[in-house]
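Peer 1: Handing you a structure now.
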Amino acid sequence: MLGVPPLSLERAAHRQLRRRGLLVASELTRYRTLREAVGTVLAPADVEGTTRAVTATVREVLRAGLEDERIAGTPAARARQVLELTASYRRSLLERKLVDPAEAQ
């Protein structure tokens, strides 16, 4: 056809990240980083259980592209906690030059 190999959107996104000096975090790194953020932001009695419970929600917030500045304007306390947790998790990954794959899609 065009003489170029096919390129999936996912591979294209990963290339763009690498050009910016970022990599997609491994599943283990994502879990450990989120667990640290849960312990810091929420400080629950059961950090492991809470981490498992919020993982899908955090991933959806990242996919939706909600930005940090929305935290202050969020009236619901639970929603504000989730946004604060997601922001903390995201910052921790970025400090390591990593991103969650939910942001890379």
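We did not get these values from a lab; they are worked out from the coordinates using the rules stated. As the structure is a prediction and not an experimental result, all values here were calculated from the model. Note: ideal-geometry Cβ built from the backbone for every residue, glycine included; neighbour counts use all protein chains shown.
Peer 1: How far, in degrees from 0 to 90, does helix 47-64 lean away from the longest principal axis of the Cα atoms of the chain, to the nearest 10?
Peer 2: Roughly 50 degrees, rounded to the nearest 10.
Peer 1: How many nm is it between the label spots at Ala53 and Thr29, if each spot is 7 Å from the Cα in line with the beta carbon?
Peer 2: Going from the Ala53 label point to the Thr29 one covers 2.9 nm.
Peer 1: Could you work out how far helix 77-95 tilts from the main Cα principal axis of the chain, as a 0 to 90 degree angle to the nearest 10?
Peer 2: So the inclination is approximately 50 degrees.
Peer 1: Under the rule of -39500 (n - 2.57) per DSSP H run of 4 or more residues, summed and divided by the residues of the chain, what mean residue ellipticity at 222 nm is obtained, to the nearest 500 deg cm²/dmol?
Peer 2: Numbers: 4 runs with 59 residues, N = 105.
After summing the helix terms and dividing by the residues of the chain, the value is -18500 deg cm²/dmol.
Peer 1: For Leu98, what residues show an amide H to amide H distance below 5 Å, using hydrogens built from the backbone and excluding near sequence neighbours?
Peer 2: Amide H to amide H, under 5 Å and 5 or more residues apart or across chains, Leu98 pairs with Leu23.
Peer 1: Normalised by the number of residues in the chain, what is the relative contact order in percent for Cα pairs under 8 Å and 6+ residues apart? Let's see the in-between values first.
Peer 2: Details: 85 pairs, mean separation 42.2, N = 105.
The value is 40 percent.
Peer 1: A follow-up question, please. Evaluate the charge dipole of the chain about its Cα centre and quote only its size in Debye, nearest 20, assuming +1 on the Cβ of each Lys and Arg and -1 on the Cβ of each Asp and Glu. Please report the intermediate quantities before stating the final value.
Peer 2: On the way: 18 positive and 13 negative charges, 77 e Å.
With Lys and Arg at +1 and Asp and Glu at -1, about 380 debye.
Peer 1: Rounded, prolate or oblate, given the Cα gyration tensor of the chain, with a/c below 1.5 counting as rounded? Before the final figure, lay out each step's value.
Peer 2: Details: a/c = 2.50, a/b = 1.93, b/c = 1.29.
Cα axes put the chain in the prolate bin.
Peer 1: How far, in degrees from 0 to 90, does helix 27-37 lean away from the longest principal axis of the Cα atoms of the chain, to the nearest 10?
Peer 2: 30
Peer 1: Arranged from highest to lowest average of other beta-carbon atoms within 10 Å per residue, in what order do the peptides 22-32, 43-53 appear? Please list the in-between numbers first.
Peer 2: Working: 22-32: 15.3, 43-53: 12.9.
Going by the mean number of other Cβ atoms within 10 Å, highest first, we get 22-32, 43-53.
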